[in-house]
């Protein structure tokens, strides 16, 4: 049987682990808030780009770019799944993955084959467990600097544009 000193040591160890976990969650929540603020700040620019694209599509109605045409008869659908690399953002990944499962089922009920691209290690792991066909992946661990991450995402976006 363990002595009192050993039990106290284990209790203290568990309490310290709990404090560290709580601190990590707070850091992740802070980073998420900052990202949301940057997204909110960029929203006017995104709205303007959307308005310009809509104006351009109305300006020359006889020209239709393939990206602007709905293809309801497609046999294959693609999903780009964006998740985090770590799981400290509360229910973010859970909600994204739940919506992904719903979309997969919806597309498969229509008779479409579904192929996926994963951005983030949590999404990649999920797609592999789910048995989805993963065409490409980008996993940017938080150790990667912003410039390198941006370059990797740029190459990834270029590969998507080429394959479309």
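Among the candidates 53, 59, single out the residue that is within 23 Å of residue 156 (Cβ to Cβ) and not assigned by TED's automatic domain parsing to the domain that holds residue 127.
53
With the structure loaded, tell me whether residue 15 is modelled with pLDDT of 85 or more and in the same structural domain as residue 113 (by TED's automatic domain parsing) or whether it fails that test.
no
Going by what's in this entry, would residue 18 be described as surrounded by 10 or more Cβ atoms within 10 Å (Cβ to Cβ), within 24 Å of residue 88 (Cβ to Cβ) and without any contact (Cβ under 8 Å) to a residue 60 or more places away in the chain?
Spelling it out, residue 18 is indeed surrounded by 10 or more Cβ atoms within 10 Å (Cβ to Cβ), within 24 Å of residue 88 (Cβ to Cβ) and without any contact (Cβ under 8 Å) to a residue 60 or more places away in the chain.
Taking residue 2 and the conditions (1) under 30 Å from residue 113 (Cα atoms); (2) loosely packed, with under 10 Cβ neighbours inside 10 Å; (3) touching a helix residue (DSSP H, G or I) at 6+ places or on another chain (Cβ under 9 Å), which numbered condition does it fall short on, given that it satisfies the others?
(1)
Tell me, yes or no, whether the stretch 74-83 has at least one residue that is within 21 Å of residue 156 (Cα to Cα) and not assigned by TED's automatic domain parsing to the domain that holds residue 119.
The answer is no; no qualifying residue exists.
The values are calculated or read from the model by the stated rules, or taken from the named source; none is laboratory data. These numbers were taken from a predicted model, which means no experiment stands behind them. Glycine gets a Cβ as well: all are built from the backbone with ideal geometry, and neighbour counts include every protein chain shown.
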